1. Report yes if GLU424 is among the charged types (D, E, K, R), in a helix (DSSP H, G or I), at pLDDT 95 or above and within 27 Å of ASN261 (Cβ to Cβ), otherwise no.
2. Residue under question is ASP396, and the condition is that it be without any contact (Cβ under 8 Å) to a residue 12 or more places away in the chain and of a type outside the set (Gly, Ala, Ser); does it hold?
3. For segment 315-330, indicate whether the set of residues that are over 17 Å from ASP400 (Cα atoms), buried (at least 18 other Cβ atoms within 10 Å of the Cβ) and touching a Pro at 6+ places or on another chain (Cβ under 7 Å) is non-empty.
4. Out of curiosity, is ALA256 within 16 Å of the ligand (Cβ to nearest atom), among the small types (Gly, Ala, Ser) and within 18 Å of THR451 (Cα to Cα)?
5. Among the residues of segment 389-407, which ones are in contact with a Phe, Trp or Tyr (Cβ under 9 Å, 6 or more places away or on another chain) and in a loop (DSSP other than H, G, I, E, B)?
6. Hey, VAL307 hits all of (1) near the ligand (Cβ under 9 Å from one of its atoms); (2) under 24 Å from TYR417 (Cβ atoms); (3) modelled with pLDDT of 95 or more but one; which does it fall short on?
7. Exactly one of these conditions fails for ILE230: (1) at pLDDT 85 or above; (2) in contact with a helix residue (DSSP H, G or I) (Cβ under 9 Å, 6 or more places away or on another chain). Give me its number.
8. When you scan segment 252-262, do you find a residue that is in a helix (DSSP H, G or I) and in the same structural domain as ASN444 (by TED's automatic domain parsing), even just one?
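The values are calculated or read from the model by the stated rules, or taken from the named source; none is laboratory data. Keep in mind that this is a model prediction, so the values were computed, not measured. Positions of Cβ are backbone-derived with ideal geometry, glycine not excepted, and every protein chain shown enters the neighbour counts.
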Amino acid sequence: MMPMASRKSVLLLLLLLLELGLAVVPAICAVHRVCIVGSGIAGASTAFFLRNYSDSNLPLDIHIFEQRDVVGGRMAMVDLAGDKFEAGASILHPKNLYTVGFTDLLGLKRVTESDSSAFGFWDGEKFVFRTLQPGCSVFSKKITDLLNTLAVVWRYGLSLFQMRSHVQRLLERFTQLYAANRKAYSTVEDLLRSVELYDATQHTLADELIAEGLSAQIINELVTQVITRINYGQNATLSGLAGSVALCGSGADLWAVAGGNWRMADGLIKYANASLYLNEKVVSISSAKNLYNLSLASGEVENCDAVVIATPLDEEKISFDPPIHLPDRHMQHTFVTFVRGLANASYFNLESISSMPDLIGTLETSAVPFTSISVLKSYNDSDKAYKVFSRNAVSDDLLDLLFSRRDSTIRLDWAAYPHFKAPEHFASFILDGQHLYYINAFENAASTIETSALAAENVVRLLLERLSHGSLKTKVSIPVVSSDRKLYKDL
Ligand SMILES: Cc1cc2nc3c(=O)[nH]c(=O)nc-3n(C[C@H](O)[C@H](O)[C@H](O)COP(=O)(O)OP(=O)(O)OC[C@H]3O[C@@H](n4cnc5c(N)ncnc54)[C@H](O)[C@@H]3O)c2cc1C
């Protein structure tokens, strides 16, 4: 028989264990309320990864606040005379594995872009270079494609291949960020350093390409006029990393989601079973005693255990208490003008509309007040949909010169992406040392749909690891990139 003293100690031990158990179990199983500001791809993929990586040991209640009446943010559509076109982010790269995975998971259809349209560079008076218009038959299209390729190779020679291999190298490093054993980083610098991409944010694209031996001609024409100005509204003085990402936005196999890229955000939010509040602008965020208060423009106040900001804070006026400090950064405004009608071939000294290239990039000169004009859709020889990019709003006078007929015009002013520069300075992914996270700290490394999803994935693992005090480390697994591109745990 057990002596009285021993029985007492066992009882005490049991009581102690019970007490500890009671204290520990609710702490593990308490539902954490995570609030996300913004329903663009960053906010939507945050919700998705939170749901995908959390488990019954860390139950989550996910809330998304969106100031607009639609989800998707800069993935948005315009309706131009009854036809819908991408108004913001329009193309994705075939190696964008998160977004390829999202579309597979959500059952969305991908449509690929044809890259065989003719292009030209306009200096305000003449075309300094122009490829041939593709013919009508498949055979003549193939011939023009070949001749156009030869013309481009003839003009830029070895530099063309040097440019491609430069981009390829950066792409390979970027792809390492999908690796299964990657840790979650609390700073953009460490994340980029882990795959040797940080240095590319410290030099301009022009400097990097010159160091690689590319000719001034390819940098001034193809890189600047067609690629960086159209994709990021800036010339080759942007940082090497952002510039290389822009270079990836040209070439074959680029794709978009049928029906609009915004559908990815919509699908991910539904998949995550997150509570979505539209028309709810977050105006201030304050924190005390491990709890955040989100004040909404409607007057409501929400309590959250963690807050993820999924929008650039450069122009958004959210006030923080205690205040936060961000490095200087400003957004590059891009004006996108959609026109249904017919361009004026004589503006480009051309005799007929049929000889006008489908994509015209303009040289970086004050003599040309727009960046590019491209055909989005050709209904017939005299009825087309066009997209004009510019750094400033285009006046009606200019549009009347550019177009012989305008049936419908839509003008958009986007706070499009950060104004990239070198060297770049980054905000931290964690803004207050606690549970206030900022996905768009990554955006001045590069601004794309895929990189937003990638930054969101990193922030989610950071958040879950910190919220669970490291206990989730082994349970949270980063998507494995395998040949069949399986990104998600089994549904
Ligand atoms: C014209 C243009 C062309 C582009 N082209 C491409 C392209 O071809 N390919 C590509 O990959 N990328 C492209 N991009 C870049 C791409 O759109 C962005 O990098 C990406 O969509 C950013 O997503 P995000 O979720 O971080 O931000 P956003 O999409 O901006 O989402 C932020 C959301 O937060 C909401 N919000 C902001 N403040 C508040 C608040 N206080 N309260 C509540 N809600 C708030 C906003 O309304 C918005 O819905 C382009 C961008 C533009 C503008």
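1. No; evaluated as a whole, the condition is false for this residue.
2. Yes; evaluated as a whole, the condition is true for this residue.
3. Checked against the condition, which is being over 17 Å from ASP400 (Cα atoms), buried (at least 18 other Cβ atoms within 10 Å of the Cβ) and touching a Pro at 6+ places or on another chain (Cβ under 7 Å), segment 315-330 yields at least one hit.
4. Answer is yes for this residue.
5. ARG391, ASN392, ALA393, VAL394
6. Of everything listed in (1) near the ligand (Cβ under 9 Å from one of its atoms); (2) under 24 Å from TYR417 (Cβ atoms); (3) modelled with pLDDT of 95 or more, VAL307 misses just condition (1).
7. Going through the list (1) at pLDDT 85 or above; (2) in contact with a helix residue (DSSP H, G or I) (Cβ under 9 Å, 6 or more places away or on another chain), ILE230 breaks only (1).
8. Yes; the residues of segment 252-262 include at least one that is in a helix (DSSP H, G or I) and in the same structural domain as ASN444 (by TED's automatic domain parsing).
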